[in-house]
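See below for the structure under consideration.
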Amino acid sequence: MKITRIAHLGIAVKDLEPVKKLYGENLNLHGHHEEVVESQKVKVSFFQVGETNIELLLATSPDSPVAKYVEKNGEGIHHIAFEVEDIDAAVEELKAAGVRMIDEKPREGAHGARIAFIHPKSTHGVLIELCQHAAGH
Ligand code: CMX
């Protein structure tokens, strides 16, 4: 597989507004974009940092994986997302190598990207997301 950049760092939060103020006003980051990803039960808020992004993650329901994470660990870095050139091939390559996937097939994430998570049991403690954005995103 070919990883081309860190697409974003996902940060789990309990409340978006104070964290948006920190990144947007105090740290002076721009390129703000926000959306609800229904399938993941999260509201995401992005700030651009060069060719990567900070992705704030707020649970939209108590059974969201992000709600469970915050309950167990508190706020903080939740996952790292790598942009890949061909996500279908990357997922198949990992499965063939015996890496446990949460998503056996890519599905839709924020920004209309196609995403797939590797299971934390296979990643030595860091949740890894693979993603592939449409050209120009
Ligand atoms: N980092 C590291 N380990 C994690 C973790 C994380 N973020 N989240 C869970 N784990 C660990 C747990 O500690 C647990 O380990 P133990 O069994 O040793 O206790 C194990 O993984 C399973 O966790 P769980 O809480 O039982 O499982 P969940 O049902 O909560 O699922 C997870 C968690 C990772 C499997 C998955 O459902 C998840 O978080 N998916 C990502 C959701 C997400 O971030 N979506 C946003 C996408 C937006 C976008 O970028 O487009």
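Sum -39500 (n - 2.57) across every DSSP H segment of at least 4 residues in the chain, then divide by the residue count to get the 222 nm mean residue ellipticity, nearest 500.
On the way: 3 runs with 25 residues, N = 137.
One gets -5000 deg cm²/dmol as the mean residue ellipticity at 222 nm.
Within the set of other residues whose C-beta is less than 15 Å from the C-beta of E71, count the net charge using Lys and Arg as +1 and Asp and Glu as -1.
Working: positive: K14, K41, K68, K72; negative: D15, D63, E75.
With Lys, Arg at +1 and Asp, Glu at -1, the neighbours total +1.
Given the Cα-Cα distance of D63 and L22 and 0.36 nm per residue of separation, how much length would full extension add, in nm?
Length difference between fully extended and current span is 12.1 nm.
How big is region 96-137 along each principal axis, measuring the range of its Cα positions in Å and listing the largest first?
32, 20, 13
Translational diffusion coefficient, Stokes-Einstein: compute it for the chain using the Kirkwood radius over C-alpha pairs as Rh, at 37 °C and 0.692 mPa s, and state it as an integer in µm² s⁻¹.
In µm²/s, the coefficient rounds to 214.
How far is helix 87-96 tilted off the main Cα axis of the chain, in degrees rounded to 10, range 0 to 90?
60
Using +1 on the beta carbon of Lys and Arg, -1 on that of Asp and Glu, and nothing else charged, what's the dipole of the chain about the Cα centre, debye to 20?
340
Quick one: what are the phi-derived ³J(HN,Hα) couplings along region 18-27, Karplus 6.51/-1.76/1.60 with θ = phi - 60°, whole Hz, x for glycine and proline?
Taking θ as phi minus 60°, the curve returns x, 6, 5, 5, 4, 6, x, 9, 5, 8 Hz for region 18-27.
Specify which residue in the list I102, V49, L16 is farthest towards the positive end of the charge dipole of the chain, using unit charges on the beta carbon of Lys, Arg (+1) and Asp, Glu (-1), about the Cα centre.
I102
For region 64-137, what is the charge dipole size about the Cα centre, in debye to the nearest 20, if Lys and Arg each add +1 at the Cβ and Asp and Glu each add -1 at the Cβ?
Dipole of region 64-137, to the nearest 20 debye: 360 debye.
Note down the magnitude of the dipole of region 1-81 about its Cα centre, charges +1 on Lys and Arg C-beta and -1 on Asp and Glu C-beta and zero elsewhere, to the nearest 20 debye. Display every interim value, and only then the final one.
Numbers: 9 positive and 11 negative charges, 49 e Å.
Roughly 240 debye for region 1-81.
Around V19, with a cut-off of 14 angstrom between Cβ atoms, what is the net charge of the other residues, counting Lys and Arg +1 and Asp and Glu -1?
Cβ neighbours under 14 Å give a net charge of -2.
Throughout, read-outs are computed from the coordinates displayed, never taken from laboratory work. Note that the structure is a prediction, hence the values are computed from the model and not measured. All Cβ positions, glycine included, derive from the backbone under ideal geometry; neighbour counts span all protein chains shown.
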